[in-house]
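Colleague: Once you've had a glance at the structure underneath, I'll fire off some questions.
The values are calculated or read from the model by the stated rules, or taken from the named source; none is laboratory data. All figures in this text were calculated on a predicted structure; none of them were measured in a lab. Cβ sites come from the backbone with ideal geometry, for glycine too, and all protein chains shown count toward neighbours.
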């Protein structure tokens, strides 16, 4: 077999391959064997019919087609291996010559990893905000902790911000009922902003037994993007009574004897959270600096695949109806044009990031151990609320195990870059990230669950995981595919 490579662009090549027919003998043998199992000829046992009779039955053209279809992928793989080509995605293969008994020639065009000149990591310098813990932030954490131990008491007064209400919801669009927007007995914290736009303003000032009508744009379902008239009927109103912030509460809610000790612990935990946030900011800024000083040619086909993946994810909640997606975007003050432009920008950045970190990992000889891969799988399984075994099974079915491995490797590569960069805060103080980059932060955060409120904990866990790994938001579309 002979092969040559043409460089069409920094990210695409054409491979010209010529294969003499004698190299196709194993493929012909396999084709005849398959046909012999499928075709029964009088006088011959299954699988024993001679090749010439099989060809006479199905035709030489059919045999050649089967042989070529089976041989070309293997010959393509052989050609890229011999040429040390690192392909991205699937090739476009075209048979350019077929002389029966003599030679078959084909071309394969494919996107490839571009050559990237990696900058000196020690020359990178970024600045992050210093760690500052205010009394107000500590008070917020204490309030959240007290809320966990609070009690709900029914009240005979109009709804106020922070109350809990039981409500029945119904909605109509142009007088037509919207079944998926109706529910009864829903418990809701007024002012949380966790339901639908306009409901907080409509409920405040109303009393149990009264109803409130308001108009809001539906974001999903059959009427996505259209204005609906929503009716909320208030069944009852409850206020949350918080325990006093005293030593007795500290003993009930924590392992400490006094409120001073509890407050000091809350401050310490907040400091750990902010250290993780600081490390995450440093990582993101180092990556941004890397991208700014590195020229990275972008394979257009890979970007297009990423854009399509993002569109698929966005339109999925709307039953893959792009008109409904467009209407929902308008309801949110955006447009399909803005969505497409932002998706392309994010896709290009995602692909550049993957290519750059892959190049760094290769240059630095970054490896991933079984323990590191297991940690990522366990972490991801917890995020999605499934067992690690179930997550692995789902990843295998989606052919995503390679992408998970690549993400871990990229994260390690980026952590290595951050360790060599100069990181200071705005006051000029050097920031030591060794502890966080050594993954000790996650162990420290695990002890914070009794004090930091649930939202802060979730953010801490995400930040701790991301402090040493670059979760490319494009997990569904990977440059290794």
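Colleague: Return yes or no: is residue 210 outside the structural domain of residue 332 (by TED's automatic domain parsing), modelled with pLDDT of 90 or more and either in contact with a strand residue (DSSP E or B) (Cβ under 6 Å, 6 or more places away or on another chain) or crowded, with 18+ Cβ neighbours inside 10 Å (or both)?
Modeller: So residue 210 passes the test.
Colleague: Ok, one more. Given the criterion surrounded by 12 or more Cβ atoms within 10 Å (Cβ to Cβ), in contact with a helix residue (DSSP H, G or I) (Cβ under 8 Å, 6 or more places away or on another chain), at pLDDT 95 or above and not assigned by TED's automatic domain parsing to the domain that holds residue 301, identify the matching residue among 15, 39.
Modeller: Criteria check complete, one pass: 15.
Colleague: Also: Every residue in segment 88-118 that is closer than 22 Å to residue 297 by Cβ and assigned to a loop (DSSP other than H, G, I, E, B), please.
Modeller: 113, 114, 115, 116, 117, 118
Colleague: Which one of these is free of Cβ contacts under 8 Å to residues at least 24 places away in the same chain and under 32 Å from the mean Cα position of the chain (by Cα): 92, 137, 109?
Modeller: That would be 92, the only listed residue that is free of Cβ contacts under 8 Å to residues at least 24 places away in the same chain and under 32 Å from the mean Cα position of the chain (by Cα).
Colleague: Continuing with this model, one more query. In segment 176-210, how many residues are on the phi < 0 side of the Ramachandran plot and in contact with a helix residue (DSSP H, G or I) (Cβ under 6 Å, 6 or more places away or on another chain)?
Modeller: 1
Colleague: Residues of segment 237-279 being crowded, with 21+ Cβ neighbours inside 10 Å and in contact with a helix residue (DSSP H, G or I) (Cβ under 7 Å, 6 or more places away or on another chain), which ones?
Modeller: 250, 262, 266, 269, 270, 273, 275, 276, 279
Colleague: Right, here's the next one. Evaluate the following for residue 121: is it closer than 30 Å to residue 418 by Cα and either at pLDDT below 90 or touching a helix residue (DSSP H, G or I) at 6+ places or on another chain (Cβ under 6 Å) (or both)?
Modeller: Criteria met by residue 121.
Colleague: Which of the helices (runs of 4 or more DSSP H) contained wholly in segment 275-378 include at least 3 residues that are under 30 Å from residue 430 (Cα atoms) and in the same structural domain as residue 128 (by TED's automatic domain parsing)? Don't jump to the end; show me each part of the working.
Modeller: Working: elements: 300-315, 322-331, 336-364.
The helices (runs of 4 or more DSSP H) meeting that bar are 336-364.
Rundown of residues vs (1) in contact with a strand residue (DSSP E or B) (Cβ under 7 Å, 6 or more places away or on another chain); (2) at pLDDT 90 or above, yes/no style:
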{"site": "301", "(1), (2)": "yes, no"}
{"site": "304", "(1), (2)": "no, yes"}
{"site": "307", "(1), (2)": "no, yes"}
{"site": "313", "(1), (2)": "no, yes"}
{"site": "325", "(1), (2)": "no, no"}
{"site": "329", "(1), (2)": "no, no"}
{"site": "332", "(1), (2)": "no, no"}
{"site": "337", "(1), (2)": "no, yes"}
{"site": "341", "(1), (2)": "no, yes"}
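Colleague: Still on this model: Report whether or not residue 173 is in contact with a strand residue (DSSP E or B) (Cβ under 9 Å, 6 or more places away or on another chain), at pLDDT 95 or above, farther than 30 Å from residue 136 by Cα and surrounded by fewer than 18 Cβ atoms within 10 Å (Cβ to Cβ).
Modeller: On the way: in contact with a strand residue (DSSP E or B) (Cβ under 9 Å, 6 or more places away or on another chain): yes; at pLDDT 95 or above: no; farther than 30 Å from residue 136 by Cα: yes; surrounded by fewer than 18 Cβ atoms within 10 Å (Cβ to Cβ): yes.
The answer is no for residue 173.
Colleague: What are the residues in segment 401-435 that are buried (at least 18 other Cβ atoms within 10 Å of the Cβ) and within 17 Å of the chain's Cα centre (by Cα), if any? Working first, answer last.
Modeller: Just the residues of segment 401-435 that are buried (at least 18 other Cβ atoms within 10 Å of the Cβ), to begin with: 403-404, 406-415, 417-418, 421, 423, 431, 433.
Of everything in segment 401-435, those that are buried (at least 18 other Cβ atoms within 10 Å of the Cβ) and within 17 Å of the chain's Cα centre (by Cα) turn out to be 403, 404, 406, 407, 408, 409, 410, 411.
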